[in-house]
Every structure is written in C-alpha cells, then in structure tokens.
Amino acid sequence: MRADKLLASMGFGSRKEVKKLLKKGGFTVNEAVVKDGKTHVTPETDTLEVFGERLYYKPFIYLMMNKPQGVVSATDDKRDRTVTDLLEPEDALYVPFPVGRLDKDTTGLLLLTNDGQLAHKLTSPKKKVDKQYLVHLEKSIDEADILALEQGIELDDGYVTKPAVVELVNDQEKDVVYLTIQEGKFHQVKRMFQARGNRVVALKRKRIGPLNLDETLSLGTYRKLTEDELEKLLE
C-alpha cells in the first residue's frame, strides 16, 4: 500500500495534510524515514511509526449505520445516493460495502465492512442469523396472522418462508410488531404481510444476530463497532 494512502486511511488527515507530515520526516518504516507518499509499504509486517509513535494497521473496517430513507444499500448507483456516499473520506478509503440490503425506504441497522468472510457468514442462509425489524402496519394483526407468519408463509412467487418470530410491541397497538427472520429475500418483510392482506407503512431494522442498533445514532450517521460488538459478531 502507498504510504500516503495508508496514513490517510488511518486518520492522519487529508492528502494535503499527509503530504506535510511526510515532508517533515514524521513517518518511518522499519526505522527509515519515508518522505515520498508513493513509497509502497507492507503494513502487516513493516514496523511503522509517526513521530516515534508505533502504528498498528488494521486491514478491515466495521461500521454500524442508522440508514435513512431515500438512500440505497449499494456502493454505486447511477440514479440514487448510496449508503457509501454518507461515509467520511478516511472511512471510504477502506472501500466498505453494505452487508445485506435494506430497501430504499427502510431505515435502521446497516453494517458496512470490507471483511468479505464476515459478510458471507452474516448473509448465508445456512448460518441462520436473526434479523429483527420493527414493523408499522396499515392494519392490526390478529392471532391467525401471527400463527401464519410463525409457521412460514407463501409469498407471491410461491416461495414459502422459514418460520418467523412475531412479537407485539404492546397489547394496545396491534399494528406495530417486531418481526424476526433469518432470510433476506427481495422485499421479504413487505411481501410476508402483503400475503396476509396487510401493508407495511414503515420498516426499521433493529438487530442483526447479536448486534443491536445504537439508538443514539441519528438517521444517516454511523460509528465504528466497539471491540465487544465485533467480538460477538465474529463468534
């Protein structure tokens, strides 16, 4: 990796600021001063220091975003703004991608990473990872609806979903429920309720496996996962 890209990705400033740092002789690789940003380094094995302070390079980035409406879960789109457009330059340098998809009008928990192995584990149906959603419905549901959803329901294309877990938020509001599934078919949650003659008016993902949405994150903002959150995900 180029020295300037490495330093920028580790938060040492913009390209201009990194250039100044290098010019001052503040960056050393294996105790040798590196002033040319084009110099290639091997961060996994080289000894890196900035003004005498040792650097430990992390090749992966793990971000939790509270996805807003109106942006698509993609890295590139010709028509719409994407979730990666919301990232700061120093995080975008890692080229993270969304793990799974949330519809354009769906909000809530979205994990972004460049760790392909973890992404595969979280999205593979064989791993049976829970995804919990807060669902606001046009009409109240009854016991028959809950039973149908918990047994598996046939969608409009003939696919029968795996059993879901349905919980009422409270007994007074039967048009707001928590739905937990382990799949991710196209518009699945909306189609599940549509099969029962109901319509989803608002959808928010609250949890992926052991990872819960940080409710202090406002829509469109994100943060790095804590070590505890990452450890639980990797397990």
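Read the figures in this text as sums done on the coordinates, not as results from a lab. All of these numbers come straight from a predicted model, not from anything done at the bench. When we count neighbours, we look across all protein chains shown, and the Cβ atoms used for this are built from the backbone with ideal geometry, even at glycine.
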May I ask you to derive the relative contact order of segment 113-235, considering only C-alpha pairs under 8 Å and at least 6 residues apart, and to give it as an integer percent? 31
How big is the charge dipole of segment 1-131 about its Cα centre, in debye rounded to the nearest 20, if each Lys and Arg gets +1 on its Cβ and each Asp and Glu gets -1 on its Cβ? 200
Computed over segment 7-80, the relative contact order (Cα-Cα under 8 Å, seq sep at least six) in percent reads 19
Please quote Rg/Rh for segment 95-201 to two decimal places, taking the Kirkwood radius as Rh and restricting both calculations to Cα atoms. 0.98
Need the list of lysines near residue 139 for cross-linking: C-alpha distance under 22 angstrom, and skip anything on the same chain fewer than eight residues off. 174, 190, 204, 206
Calculate the dipole size of the chain relative to its Cα centre from +1 charges on Lys and Arg beta carbons and -1 charges on Asp and Glu beta carbons; express the result in debye to the nearest 20. 940
Projected onto the charge dipole of the chain (unit charges on the beta-carbon of Lys, Arg, Asp and Glu, signs +1, +1, -1, -1), the Cα from 26, 61, 181 with the largest positive-side position is that of 26
Residues other than residue 58 with Cβ under 11 Å of its Cβ, Lys/Arg counted +1 and Asp/Glu -1, net out at -1
What is the sum of charges around residue 200, taking Lys and Arg as +1, Asp and Glu as -1, for the other residues whose C-beta is under 12 Å from the C-beta of residue 200? +2
Given unit charges at Cβ for Lys, Arg (+) and Asp, Glu (-), the dipole magnitude of segment 105-235 about its Cα centre in debye, nearest 20, is 440
Output the peptides 191-199, 224-232 sorted from most to least packed, where packing is the average of other Cβ atoms within 10 Å over each peptide's residues. 191-199, 224-232
Report the percentage of all Cα-Cα pairs in segment 51-158 whose separation exceeds 20 Å, rounded to a whole percent. 56
List the relative contact order of the chain as a percent without decimals, with contacts defined as Cα pairs under 8 Å and 6+ residues apart. 19
Taking the convex hull of Cα positions in segment 155-235, its mean projected area over all directions (nm²): 7.3
Amide H to amide H under 5 Å from residue 155: which residues, 5+ apart in sequence or cross-chain, H placed 1.01 Å off N in plane? 160, 161
In what sequence, highest mean first, do 57-66, 41-50 appear when ranked by Cβ atoms within 10 angstrom? 57-66, 41-50
Within the chain, helix-based [θ] at 222 nm, where runs of 4 or more DSSP H residues each add -39,500 (n - 2.57), nearest 500: -5500 deg cm²/dmol
